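Have a look at the structure below before the remarks.
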Amino acid sequence: MSETQPKVFDNVPSPFCGIASDDLKITVEGLDVRVVANADTVTRPGFEQPITDTVPRIAGQPATLEQAVARAASLVNDAHLPVFSGFGTDVNETRAALSLIDRCRGVFDQARSGAGLRNLLVLSDSGWMTTTLAEVKNRVDVLVVFGADLEAAFPRFFERFIWVEETLFGAGTGQREIIFIGSAPPPSSAATSPDGREPTLIPCVTEALPQVAAALSALAGGQYLQAASVGGVAVAALQAVVDRLKAASYGVITWAAGQLDFDHAELTVQQLCKAVVALNRATRCAGLPLGGQDGDRTASQVAAWISGYPTRVSYARGFPEYDPFHNDAGKLLSSGEADVLVWVSSLSVTPPPVSGVPTVVIGRSGMCFEREPEVFIPVGVPGIDFAGHMYRCDNVVALPLYQLRESDLPRAADVLKAIERALGGS
Amino acid sequence: MLTKLTGGKVYDPAHGINGEVRDIYVRDGRIVAHHQADGVRPDQEFDCRGKVIMAGAIDMHTHIGGGKVTIARNLLPEDHRNDPVARSGPMRAGTGFAAPSTLTAGYRYAEMGYTAGFEPAVLPINARQAHMEMADTPMLDVGGYAMLGSDDFFLRLIASGAEQEIINDYVAWTIHSSQCIGIKVVNPGGISAFKFNQRKLDLDEDHCYYQVTPRKILQSLARAVHELGVPHPLHVHGCNLGVPGNLDTTLNTITGIEGLPMHLTHIQFHSYGTEGDRKFSSGAAQIAEAINRNPNITADVGQILFGQTVTASGDSMMQFANHAHAHPHKWVCMDIECDAGCGVVPFKYKDQNFVNALQWCIGLEIFLLVEDPWRIFLTTDHPNGAPFTTYPHLIRLLMDKSFRNDVLSTINADSAALSTLASIGREYSLYEIAIMTRAGAARILGLHDRGHLGAGAAADITVYTEQDDKEAMFTTPDYVFKDGELVVKNGEVIKVVWGNLHTIRPEFDRASIESRLKPYFDRYHTLKMDNFIIRDWEIEDDGRSKIMVHPCRGQA
């Protein structure tokens, strides 16, 4: 075998998509990574993003890792309120970040927490009944997709969980019913069954989704609605959805909080969750909150067990405080309350927002900046350059991530620990 | 380095030592025999005259890690908001209370003299999370019991009449893959049945899809655990949790296991009768009698104590049934991955509430009526009956009859009148407390080098000042040593250490069971079998936890 022979890896888990496909086939030749089987529009760029920068920079000038760490530590040390954001990270990287945040009295917030909070606020206000992907794969007979373009964010959802060849309980998946409430699925959508059955579509504009969710919830709870239509949708059509879910053995209502991009979308999610609970009086039904791209769920899970809170945690007073509104990194930066931004993102090359404060970036090699940060330390990717762990959208399954290639890029966890060590005693 | 603990009153039930004044020597994290230390000048000496010395305490059933604990954390930010914990000395910041952050949980356990805790409900599919959270719980050695009995692979085996040998291989494979030390079953078959919309499943009732009974599931799992030589008996959360009249189910569960070793967990929640005007009564006497009569049975109590807490359980069927009692009114139920489920329901136990007050009595009655302290364990099923921080209070209730009767006089009068508690004179001794919380717990888990103070044992040691007020005594130990290092002084953590993970590795035919499991994962699961198995590097690579493998019966 020649040295240039690419290495081949099977059953590789993807840290980039919230549904964590773990059946990818990947080849690696030198630093070049290719997804050669089961790729999609999320996992391919996630894995194939080439390494560009390998040398840290301070104010745009090349620096050693030690110099960059020292500069980052001094910025953090001098800051009144350093805010840490980004968090496309794995478990160990999030652990290391939280340790540093605790030490320097910073704020923890993820770039995607706005979307995550649409679910978390419901969880902490009323709770919910939910399910996970393997239950959906084996049990669902009616799937209601509420206000989501699932395939944009989770391109393989229907292939992996709905139109599967067989299920544990013998029911053919050919009979599964898909109901979209919202926009139509894209043309040639995988939501169409293999034998050509189109999903049922109840068209609804985004602005009307809150009302329609409330109507669904009321109907599921057995209320009578006097109106003939809600938000432009016939109540009779919604009643038909409820009747179908009542007759189902295992109905599932799914949404992608990241796509419910309007004010107080948590109230819409809450109505869906209320509908699910009401349906469980007589049959089984479950919610499936989809999300978790780029490690978003991972960071939230780790924060929850280490600090007690899932996101937007401030250690400014020496102990963790949760404020889902105030501790918003964007808000703290624009108000001037935060005076340093530390952007930690090993999975995604999404750069930090441009802000007026000194910025430290511990970021995936390949990240490009509109404005050069004060410190940039390019790092490797968990699941490509070294092993790690990530959480799937259902918050239950954590997958191991494996090293696929040999690069000299440092790990974000080690960089964060080095910064903490440089800050000295407690 | 040689450390000497001089002149303490030693309670070491594993060696029959009951309050004798002795010196204890520690070298390289282990206790050494006197003859090995004779003539050597100790590098460090602790004057323990007038103090009580026990091994570090072991909580054999405490929900300290895993998905449902973090769901509880996310469900109840107010639980934490009321108990912020600032960074202090070597300790990082965190939050208490019923579902504390992992760091705070570890510190608080150590500050009460505990050096080990075992997570009893590790869903195999969620085992990675349980291990991650336990790894982030400092000060404590940890371990987990893998949950089986409602997973579809197992139910399909049972329903198809698979031979016991195949079941044994699957059970052993699950213990290996999830890096656990025992097997637990929760509402046998019931979590699965709930997914098929079955709302109740009694011991001899058929699961509506698989047509198997909980009795059959229990027998098959208990036999597997026994035949594999797993030290810890099958850990059973029975049918009908919390249902008045479940006393009979529990008694039938005991006889139904046909002499195999079985541990009945949080038995207080399974000891309810239906007598009286309100059709809710204590079954403690009958349950205790059954335990006394059947030496194959052990139990932990799952005592409730009054106040706000949160119940986190794998028993989605019963948690859904009880959700109307949620306080505050919010709750979570989940169906999980054709593997199990969970339910998280916050609860406020009130001393003036008839049912809650009687639950309090029932737990204490069981503690006091079970004769053999080696077969009953001190738990609150943290946080389900109460947070673990209430243990010193619970110990006082057991050791101090007048204190117990004082509290009894303040609770709901109807409950107090129905309970026999006032007439029970027993007071636990320090020796018996040491059995329940140390020696017995180590023995039931097969931890040969923990829970005692003999030569060769790990030097997990707690030193208390003897006081009449046992709550005060057990709240604030003078010293706690973890693997020979002084980690707590006067009830405060002075050094942060990371514990070990205790596991077992029963022998089994891997090739045979994986030839069934691999295609099963490919066809029905959403991850590959190879990605399901937790490898040693995942536990050990960050340099904190070490895996300690204990022998099964018959293994060298």
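The values are calculated or read from the model by the stated rules, or taken from the named source; none is laboratory data. Keep in mind that this is a model prediction, so the values were computed, not measured. Glycine gets a Cβ as well: all are built from the backbone with ideal geometry, and neighbour counts include every protein chain shown. Just the protein is used for accessible areas: all its heavy atoms, side chains included, with ligands, DNA and RNA removed. Shrake-Rupley method; radii C 1.70, N 1.55, O 1.52, S 1.80 Å.
Here is how the numbers come out for the structure above:
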{"item": "Three-way shape call for segment A:116-291 based on the alpha-carbon gyration tensor, with the a/c threshold at 1.5", "result": "rounded"}
{"item": "1.4 Å probe, heavy atoms, protein only - residues of segment B:492-529 losing at least 20 Å² accessible area vs chain alone", "result": "B:ARG523, B:TYR524, B:THR526, B:LEU527, B:LYS528"}
{"item": "Net charge of Cβ neighbours under 15 Å - reference B:SER282; Lys, Arg +1; Asp, Glu -1", "result": "-4"}
{"item": "Pairwise burial B:A, computed as accessible area of each alone minus the pair, summed, 1.4 Å, Å²", "result": "5600"}
{"item": "Cα-based reach from B:LYS401 at 24 Å (exclusive), listing lysines while leaving out same-chain residues under 8 positions away", "result": "B:LYS9, B:LYS51, B:LYS350, B:LYS470"}
{"item": "Whole-Å distance, taken between Cα centres, linking segment B:172-201 and segment A:367-389", "result": "41"}
{"item": "For chain B, with +1 on Lys and Arg beta carbons and -1 on Asp and Glu, the positive-most of B:VAL243, B:ALA172, B:THR389 along the dipole", "result": "B:THR389"}
{"item": "Shielded by partner chains, segment B:103-137 residues - at least 10 Å² of accessible area, 1.4 Å probe, vs chain alone", "result": "B:LEU103, B:ILE125, B:ASN126, B:ARG128, B:GLN129, B:MET132, B:GLU133, B:ASP136"}
{"item": "Average accessible surface area per residue within chain A, 1.4 Å rolling probe, Å²", "result": "36"}
{"item": "Links that overshoot a 27 Å alpha carbon limit, given the list B:LYS195/B:LYS330; B:LYS195/B:LYS528; B:LYS184/B:LYS528; A:LYS246/B:LYS200; A:LYS25/B:LYS184", "result": "A:LYS25/B:LYS184"}
{"item": "Taking segment A:116-291 and dividing mean pair separation by its residue count, relative contact order in percent (alpha carbons under 8 Å, at least six apart)", "result": "31"}
{"item": "Portion, in percent, of the accessible area of the protein assembly as shown that falls on carbon or sulfur, probe 1.4 Å", "result": "49"}
{"item": "Fraction of antiparallel bridges per DSSP, the protein assembly as shown only, in percent to nearest 5", "result": "45"}
{"item": "Candidate residues A:LYS274, B:LYS348, B:LYS195: accessible-area rank, largest first, probe 1.4 Å", "result": "A:LYS274, B:LYS348, B:LYS195"}
{"item": "Those residues of segment A:304-320 for which accessible area with every protein chain present is at least 30 Å² below the isolated value (1.4 Å probe)", "result": "A:ALA304, A:TRP305, A:ILE306, A:GLY308, A:TYR309, A:GLY318, A:PHE319, A:PRO320"}
{"item": "Distance from segment B:1-73 to segment A:245-303 (C-alpha centre basis), Å", "result": "50"}
{"item": "Long-range HN-HN contacts of B:GLY19 with modeled amide H, under 5 Å", "result": "B:VAL10, B:TYR11, B:ASP12"}
{"item": "Gyration tensor verdict on the protein assembly as shown (Cα atoms; rounded if a/c is under 1.5, prolate if a/b is larger than b/c, oblate otherwise)", "result": "oblate"}
{"item": "Only Lys, Arg (+1) and Asp, Glu (-1) charged, at Cβ; segment B:1-154 dipole about Cα centre in debye", "result": "360"}
